[in-house]
1. Does Thr100 qualify as being of a type in the set (Val, Ile, Thr), loosely packed, with under 14 Cβ neighbours inside 10 Å, modelled with pLDDT of 95 or more and in contact with a strand residue (DSSP E or B) (Cβ under 9 Å, 6 or more places away or on another chain)?
2. Is it the case, given these coordinates, that Val49 is under 12 Å from His135 (Cα atoms), of a type in the set (A, V, I, L, M), touching a strand residue (DSSP E or B) at 6+ places or on another chain (Cβ under 9 Å) and surrounded by 15 or more Cβ atoms within 10 Å (Cβ to Cβ)?
3. Could we say that Arg129 is at negative phi, at pLDDT 95 or above, among the basic types (Lys, Arg) and surrounded by 12 or more Cβ atoms within 10 Å (Cβ to Cβ) here?
4. All but one of (1) buried (at least 18 other Cβ atoms within 10 Å of the Cβ); (2) among the hydrophobic types (A, V, I, L, M, F, W, C); (3) out of contact with any Cys (no Cβ under 9 Å at 6 or more places or on another chain) hold for Val21, so report the exception by its number.
5. Taking only pairs six or more apart or across chains, which ones have beta-carbon atoms under 7 Å, a first residue in the stretch 27-39 that is on the phi < 0 side of the Ramachandran plot, and a second residue that is surrounded by fewer than 22 Cβ atoms within 10 Å (Cβ to Cβ) and modelled with pLDDT under 95?
6. Is it the case, given these coordinates, that Leu107 is surrounded by 15 or more Cβ atoms within 10 Å (Cβ to Cβ) and outside any strand (DSSP E or B)?
7. Given Ala61, Ala78, Ala34, which one is aliphatic (A, V, I, L, M) and out of contact with any strand residue (DSSP E or B) (no Cβ under 8 Å at 6 or more places or on another chain)?
8. With surrounded by fewer than 17 Cβ atoms within 10 Å (Cβ to Cβ), assigned to a helix (DSSP H, G or I) and modelled with pLDDT under 85 as the only criterion, which of Arg170, Arg165 stands out?
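The values are calculated or read from the model by the stated rules, or taken from the named source; none is laboratory data. No experiment lies behind these values; they were computed from the predicted model shown. Cβ placement follows ideal geometry from the backbone for every residue including glycine, while neighbour counts extend to all protein chains displayed.
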Amino acid sequence: MEGFVADCVAANTEADGQAAVREVLAGAVSDPRAALLAVGEPERAGISVFHRADDLTIFSATWTPQMNLMPHNHKMWALIGIYTGREDNIFWRRSEDGVTAHDAEVLFEGDVGTLPDTAIHSVTNPLQRFTGGIHIYGGDFFATTRSQWDPDTREEAPSDGAVIRAIFERANEDYERGQRG
């Protein structure tokens, strides 16, 4: 991971940092098995941070089976490289109702999704197994106050790293309850 992070940091200094970092990420997830060995088999929903700076954040995000994350924004460009499982994204636009869905993208193992700094998306792991992805952001993901939208009312509310970590913990609790049956 150290070499991968160093390559991403160097690529981010290019004129089009997002495109250059995307190439590094695409190379890393082009062999999902090797990426899985480097990052580790997901066993819980969570975030494992590999790099955090003002201009770049890199972490692994893992989703429990059938986990959902409500519409949210990042306020910075983002890249998502899937190394195990699948991630379904619905893209949203601001509207009179809060947000309205307008597009979708499914990311399979080895795929890289590219999101502009204006993107609003929700995420679903539709599988009965864990999903893992390497997420890269063009800023300090954890220090940026963002927004999320209630999935029922579509009302906007503040979001940040602490809010997202709490959602992951609830997903783990739900998953563990389901495993105990």
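1. Values: of a type in the set (Val, Ile, Thr): yes; loosely packed, with under 14 Cβ neighbours inside 10 Å: yes; modelled with pLDDT of 95 or more: yes; in contact with a strand residue (DSSP E or B) (Cβ under 9 Å, 6 or more places away or on another chain): yes.
So Thr100 fits the description; yes.
2. On the way: under 12 Å from His135 (Cα atoms): yes; of a type in the set (A, V, I, L, M): yes; touching a strand residue (DSSP E or B) at 6+ places or on another chain (Cβ under 9 Å): yes; surrounded by 15 or more Cβ atoms within 10 Å (Cβ to Cβ): no.
No; evaluated as a whole, the condition is false for this residue.
3. Details: at negative phi: yes; at pLDDT 95 or above: yes; among the basic types (Lys, Arg): yes; surrounded by 12 or more Cβ atoms within 10 Å (Cβ to Cβ): yes.
Yes, satisfied.
4. With (1) buried (at least 18 other Cβ atoms within 10 Å of the Cβ); (2) among the hydrophobic types (A, V, I, L, M, F, W, C); (3) out of contact with any Cys (no Cβ under 9 Å at 6 or more places or on another chain) applied to Val21, the lone miss is (3).
5. Ala38/Met1
6. On the way: surrounded by 15 or more Cβ atoms within 10 Å (Cβ to Cβ): yes; outside any strand (DSSP E or B): no.
When the stated conditions are applied, Leu107 does not pass them.
7. On the way: Ala61 fails: out of contact with any strand residue (DSSP E or B) (no Cβ under 8 Å at 6 or more places or on another chain); Ala78 fails: out of contact with any strand residue (DSSP E or B) (no Cβ under 8 Å at 6 or more places or on another chain).
Within the list Ala61, Ala78, Ala34, the selection yields Ala34.
8. On the way: Arg170 fails: modelled with pLDDT under 85.
Testing whether each residue is surrounded by fewer than 17 Cβ atoms within 10 Å (Cβ to Cβ), assigned to a helix (DSSP H, G or I) and modelled with pLDDT under 85 leaves just Arg165.
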